[in-house]
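K.L.:
This is the structure, below, for whatever I ask next.
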């Protein structure tokens, strides 16, 4: 039996690395406790998604700077980049203190009790915090740690290697690719760049297609100006409805934003038709292809800019946070966007980039195995008597952008006929957020992304109105031996339908 197909302990990391970005929440009771900030769960986490779980080394480094500056503060953060520090200063004015503690690294702390959530949320939404590897190096530099964790790195020019591979995968020119500190920072930078260009043209209407990842949606909701509006069209597969929504924006259209395929329903839009409509009205199209990855889809020709996470698939070992911006050099918007994208993006830490370049050498092979496993698991789950519905990528719209017609995105979402909680607790795999890793990861997606909505009836009704079942389970399929993977899910599905005695 594959060692990854087992019950992981509460808080256990997905990989044997202090830089792991996935920590286990083995039961639904643990998931709820995590969302409700219970100490029992949070104290057990060995690792976790860095925008949500602050790494122990980042906490230690932050405490060092606070002590060195003789500050009496309870809420503080380390922010990379003068741009992020200046934006926080603009947002919170006299309510925060800011001090540059290392070149281009800022400690930001609350002065007013009212800014805690704003400060924390800004760093989460924009991905401007520091990485665990940067914190590790600074702890060694300040003699608070003896040495760094030993791991494999790319030997050579990592940035050149990564950008060269992204150019091969997307068809972009090297000057049109920029690595970012995280996928969220890539999305935020693309948003800010488009916003800066379109504001100057008097364009302030934004159109969101489908249900975006939580932080992407928050960026659109929180950082649009008073003279800008956001409309949401959930019918991502209904091209006529989408085109009508675009036309309704008229000459005020700033941008259309879409994840393609979408998360967690894995739906694809007719990007060719949408791109033509957007361009005819002078708008821009921002696409996030992370769910399938640039390994699987060919969409740059439709977009003005891509924003993607490379933590997934490219960084398939789940031990780093990194992202990328890819500009369509053939777009009529390219020259206006290029300097703004460069102005806003936060460059990744060098050691993270070297680790990514090392992982990317095996990524095509790993992704191919994930896709093959997904195709077989979809066939097993679709029509299974314990499952009400399976959401998966196969569609004409997906085939139109897929590099391989008939391929399946290694991400499925299922709605069960039986008890979701019994199923979740029983599956012997890693359980938590993230996807695109070598190992299979199970996620009660709406509980971890929108707990405020699933925990009240009004919120659950809102999700259902958007076509999302609150209790759906997302399965990110890994590279384990397929027969063992199917057996693990078969056993848990049987448990989900059993009556409790």
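K.L.:
Go through 53, 70 for me and flag whichever is at positive phi, assigned to a loop (DSSP other than H, G, I, E, B) and free of Cβ contacts under 8 Å to residues at least 60 places away in the same chain.
P.N.:
70
K.L.:
Looking at (1) surrounded by fewer than 23 Cβ atoms within 10 Å (Cβ to Cβ); (2) in contact (Cβ under 8 Å) with a residue 60 or more places away in the chain; (3) in contact with a helix residue (DSSP H, G or I) (Cβ under 9 Å, 6 or more places away or on another chain), find the lone condition where residue 190 falls short.
P.N.:
(1)
K.L.:
Of the residues 119, 174, 139, which is without any contact (Cβ under 8 Å) to a residue 60 or more places away in the chain and closer than 26 Å to residue 96 by Cα?
P.N.:
119
K.L.:
Return the residues of the range 371-412 that are within 23 Å of residue 493 (Cα to Cα), touching a helix residue (DSSP H, G or I) at 6+ places or on another chain (Cβ under 7 Å) and not in a helix (DSSP H, G or I); say none if nothing qualifies.
P.N.:
Within the range 371-412, 384, 386, 387, 390, 392, 408, 409, 410, 412 qualify.
K.L.:
Now a separate question. Can you work out which of the residues in the range 452-501 that are closer than 17 Å to residue 31 by Cα and surrounded by fewer than 17 Cβ atoms within 10 Å (Cβ to Cβ) is nearest to the chain's Cα centre (by Cα)?
P.N.:
452
K.L.:
For the range 391-409: of the residues being within 12 Å of residue 378 (Cα to Cα) and touching a strand residue (DSSP E or B) at 6+ places or on another chain (Cβ under 7 Å), which is surrounded by the fewest Cβ atoms within 10 Å (Cβ to Cβ)?
P.N.:
Within the range 391-409, the subset within 12 Å of residue 378 (Cα to Cα) is 391-394, 407-409.
Subset that is touching a strand residue (DSSP E or B) at 6+ places or on another chain (Cβ under 7 Å): 391-392.
Numbers: 391: 20, 392: 23.
The selected residue is 391.
K.L.:
Report the residue count in the range 91-104 for those that are under 19 Å from residue 134 (Cβ atoms) and either in contact with a strand residue (DSSP E or B) (Cβ under 6 Å, 6 or more places away or on another chain) or assigned to a loop (DSSP other than H, G, I, E, B) (or both).
P.N.:
Final tally of qualifying residues: 6.
K.L.:
How many residues, within the range 11-28, are closer than 28 Å to residue 454 by Cα and either at pLDDT below 95 or crowded, with 18+ Cβ neighbours inside 10 Å (or both)?
P.N.:
Result for the range 11-28: 12.
K.L.:
When residue 379 is evaluated against the numbered criteria (1) over 21 Å from the mean Cα position of the chain (by Cα); (2) under 24 Å from residue 423 (Cα atoms); (3) touching a residue at least 40 places away in the same chain (Cβ under 8 Å), which criterion, by number, is the only one it fails?
P.N.:
In the conditions (1) over 21 Å from the mean Cα position of the chain (by Cα); (2) under 24 Å from residue 423 (Cα atoms); (3) touching a residue at least 40 places away in the same chain (Cβ under 8 Å), residue 379 misses (3) alone.
K.L.:
When the range 1-42 is examined, which residues are found to be without any contact (Cβ under 8 Å) to a residue 40 or more places away in the chain, farther than 14 Å from residue 431 by Cβ and not assigned by TED's automatic domain parsing to the domain that holds residue 444?
P.N.:
3, 16 - these are the residues of the range 1-42 that are without any contact (Cβ under 8 Å) to a residue 40 or more places away in the chain, farther than 14 Å from residue 431 by Cβ and not assigned by TED's automatic domain parsing to the domain that holds residue 444.
K.L.:
If you don't mind, there's one more thing I want to ask. Return the residues of the range 347-365 that are buried (at least 16 other Cβ atoms within 10 Å of the Cβ) and either in contact with a strand residue (DSSP E or B) (Cβ under 6 Å, 6 or more places away or on another chain) or over 30 Å from residue 275 (Cβ atoms) (or both); say none if nothing qualifies.
P.N.:
Answer for the range 347-365, where residues must be buried (at least 16 other Cβ atoms within 10 Å of the Cβ) and either in contact with a strand residue (DSSP E or B) (Cβ under 6 Å, 6 or more places away or on another chain) or over 30 Å from residue 275 (Cβ atoms) (or both): 348, 349, 351, 352, 353, 354, 355, 357, 358, 359.
K.L.:
Residue 55 fails exactly one of the following numbered conditions: (1) surrounded by 16 or more Cβ atoms within 10 Å (Cβ to Cβ); (2) out of contact with any helix residue (DSSP H, G or I) (no Cβ under 8 Å at 6 or more places or on another chain). What is the number of that condition?
P.N.:
(2) is the only condition that residue 55 fails.
K.L.:
Working only within the range 180-222, note down all residues that are in a loop (DSSP other than H, G, I, E, B) and either out of contact with any strand residue (DSSP E or B) (no Cβ under 9 Å at 6 or more places or on another chain) or under 21 Å from residue 119 (Cα atoms) (or both).
P.N.:
181, 182, 200, 202, 213
K.L.:
Which condition number does residue 88 fail, the rest of (1) at pLDDT 95 or above; (2) assigned to a helix (DSSP H, G or I); (3) in contact with a helix residue (DSSP H, G or I) (Cβ under 7 Å, 6 or more places away or on another chain) being met?
P.N.:
With respect to (1) at pLDDT 95 or above; (2) assigned to a helix (DSSP H, G or I); (3) in contact with a helix residue (DSSP H, G or I) (Cβ under 7 Å, 6 or more places away or on another chain), residue 88 is out only on (1).
K.L.:
Working carefully through the options 129, 164, 178, find the one that is within 23 Å of residue 301 (Cβ to Cβ), crowded, with 17+ Cβ neighbours inside 10 Å and within 24 Å of the chain's Cα centre (by Cα). I'd like the intermediate steps shown before the answer.
P.N.:
Working: 129 fails: within 23 Å of residue 301 (Cβ to Cβ); 164 fails: crowded, with 17+ Cβ neighbours inside 10 Å.
Step by step, each of 129, 164, 178 is checked, and only 178 is within 23 Å of residue 301 (Cβ to Cβ), crowded, with 17+ Cβ neighbours inside 10 Å and within 24 Å of the chain's Cα centre (by Cα).
K.L.:
Pairs only if they're at least six apart or on different chains, beta carbon under 8 angstrom, first in the range 414-441 and in the same structural domain as residue 311 (by TED's automatic domain parsing), second buried (at least 24 other Cβ atoms within 10 Å of the Cβ); list them, first residue then second.
P.N.:
none
The values are calculated or read from the model by the stated rules, or taken from the named source; none is laboratory data. Everything numeric here is computed off the predicted structure, so don't read it as measured data. Methodologically, a virtual Cβ is constructed for each residue, glycine included, from the backbone with ideal geometry; neighbour enumeration extends over all protein chains shown.
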